[in-house]
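Report on the following structure.
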Amino acid sequence: MKNLTNKIALVTGGNSGIGYATAKEFLELGATTIITGRRKQAVEDAAGEIGAIPLIADQSKLADIEQLVKEVQEQFGKLDILFINAGITGEATLISDAKEDNFDSVMDINLKGAYFTLSKFIPVLNDGASVIFLSSNVASMNKPQSSVYQASKAALNTIAKTAALELADRKIRVNTVSPGPTRTEVLNKSYDAEMVDGIWDNLAQILPLKKVGKPEDVAKMVTYLASDAASFITGSDFVIDGGMKIN
């Protein structure tokens, strides 16, 4: 059922992984869907594959965010759905070995960029709009060598709850979705196919459900939160990790 017909949706980092799967789901549900990213060719190729509208913007740069808001406002007027998805994990290092450039790059995209994407888009959101942040189950876990990434997502969760209160009078809902291990193409850039399969298989064995997630699993939760069926949900975090967090 196309329950997002006549809605305008924007997905940051929508050219691959969870962002791409969610943009595809939005389109299948009838929403006009914009995807953004830093790499022009990648964004345009992805948009062409699924019928989305490509706009180029680097979430780590405030000037790009402001330009994106201007373009969306000029072309579409208002937004009904904002999925702030773009993010990076950064380097896995102990706190004692932390590097400033890694800290800055992770925080610039995951926290500062996400924060100002919401901030700058608030005037463009329709009353009753839905905002969803892509967080992570590690936001409430404590894993060695992941302190910067964990901190960026934990801060994001706090911001989302505050935003939910600040925007409630306009019936704008703000929620977070926190995946665990989700099989995207990210490992394929660093390892051969056989090694990648082994990594995912090993991860699956430590999860209670004995499988890793797919981008489509996360996409379905995001599209649900964007729909009128979730009109009484705000300030909540939805963990999608096969039971990893409770194990």
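With the Cα gyration tensor of the range 108-191 giving a ≥ b ≥ c as the square roots of its eigenvalues, does the rule (a/c under 1.5 for rounded; else a/b larger than b/c for prolate; else oblate) give rounded, prolate or oblate?
Since a/c reaches 1.5 and a/b is larger than b/c, the shape of the range 108-191 is classed as prolate.
Taking a quarter of the surface of the convex hull around the Cα atoms of the chain, what do you get in nm²?
Mean projected area for the chain: 13.3 nm², to one decimal.
Quick one: check the C-alpha center-to-center distance for the range 159-225 versus the range 42-114, whole angstrom.
Using only Cα atoms, the two centres lie 17 Å from each other.
May I ask for the net charge around residue 140, where only other residues with Cβ less than 15 Å from the Cβ of residue 140 are counted and Lys, Arg are +1 while Asp, Glu are -1? Let's see the in-between values first.
Values: positive: 143, 153, 161, 245; negative: 237, 241.
Counting the neighbours of residue 140, the net charge comes to +2.
Taking a ≥ b ≥ c as the square roots of the eigenvalues of the Cα gyration tensor of the range 1-41, is the shape rounded (a/c under 1.5), prolate (a/b larger than b/c) or oblate?
On the way: a/c = 3.28, a/b = 2.00, b/c = 1.64.
Prolate shape, in that a/c is at least 1.5 and a/b is the bigger ratio.
Before rounding to the nearest 500, sum -39500 (n - 2.57) across all DSSP H runs of length at least 4 in the chain and divide by the residue total; then give [θ] at 222 nm in deg cm²/dmol.
Calculated from helices alone, the mean residue ellipticity at 222 nm is -12500 deg cm²/dmol.
For a test of the definition: using alpha carbon positions, the gyration tensor, and the 1.5 limit on a/c, classify the range 11-87 as rounded, prolate or oblate. List each step's numbers first, then the result.
On the way: a/c = 1.59, a/b = 1.18, b/c = 1.35.
Cα axes put the range 11-87 in the oblate bin.
Which number gives the lysine pairs in the range 121-247 that have C-alpha atoms under 18 Å apart and are eight or more places apart or on different chains?
10
For the range 1-119, how many pairs of lysine residues have a Cα-Cα distance under 30 Å, where the two are 8 or more positions apart or belong to different chains?
Count of close lysine pairs: 28.
If I compute solvent accessible area with a 1.4 Å probe over the protein chains, what percent of it on the range 200-247 is carbon and sulfur? Working shown, then result.
Numbers: 1600 of 2830 Å².
Here carbon and sulfur together make up 56 percent of the probe-accessible area.
The values are calculated or read from the model by the stated rules, or taken from the named source; none is laboratory data. This is a predicted model, so every value here is computed, not measured. Every residue, glycine as well, gets a Cβ built from its backbone with ideal geometry; the counts of neighbours run over all protein chains shown. Heads up: the accessible areas ignore ligands, DNA and RNA and are worked out on the full protein's heavy atoms, side chains in. Shrake-Rupley method; radii C 1.70, N 1.55, O 1.52, S 1.80 Å.
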